[in-house]
Amino acid sequence: MNDNTITIFNHKKAGKEDVWNKTILHGVSVVSGVDKTVSANGTVVRKQILTIVIPVDVWEKEYVDPVQYEKLEDISSCFTLNPSNNSDFIVAGECEEEITGDYHVSDLKKDYGKCGIIAGVSDFTDTPRLKHFKVVCRCG
């Protein structure tokens, strides 16, 4: 059963200003894990990751693909999942805070244990059943 909540923070530049669009989704699945890789010098590197399954029926805002999202002027009624910009951020849980000039992503990382940058997205919305996105976030 998908009984978790996440808060998505989408980043967008508006001229020289940073704009953050917050979306809260209920009814998702969040699993915490560890990704293990080997660096060029042979050192084993372990990083915490979050794997999130977002069913399409929990969206309260319209989902827009990242390319279209960047072209929009009004982003308040939609959200995206962009692993390419290296700044879209997800918090496991409902986050009341807003990212502003006084409250930054680094503050979110301190205040919430399970959170991270969107690193990968798999789109399963064209399947006949169980339409969803699978999102992997890199924590830390």
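The values are calculated or read from the model by the stated rules, or taken from the named source; none is laboratory data. Note that the structure is a prediction, hence the values are computed from the model and not measured. Quick reminder, even Gly has a Cβ in these numbers, built from the backbone with ideal geometry, and neighbours come from all protein chains shown.
Please go through region 12-41 and pick out each residue that is surrounded by 15 or more Cβ atoms within 10 Å (Cβ to Cβ) and of a type in the set (D, E, K, R).
Selection gives 12, 22.
Would you confirm whether or not region 39-48 contains a residue that is at pLDDT below 95, closer than 22 Å to residue 109 by Cα and hydrophobic (A, V, I, L, M, F, W, C)?
The answer is yes; a qualifying residue exists.
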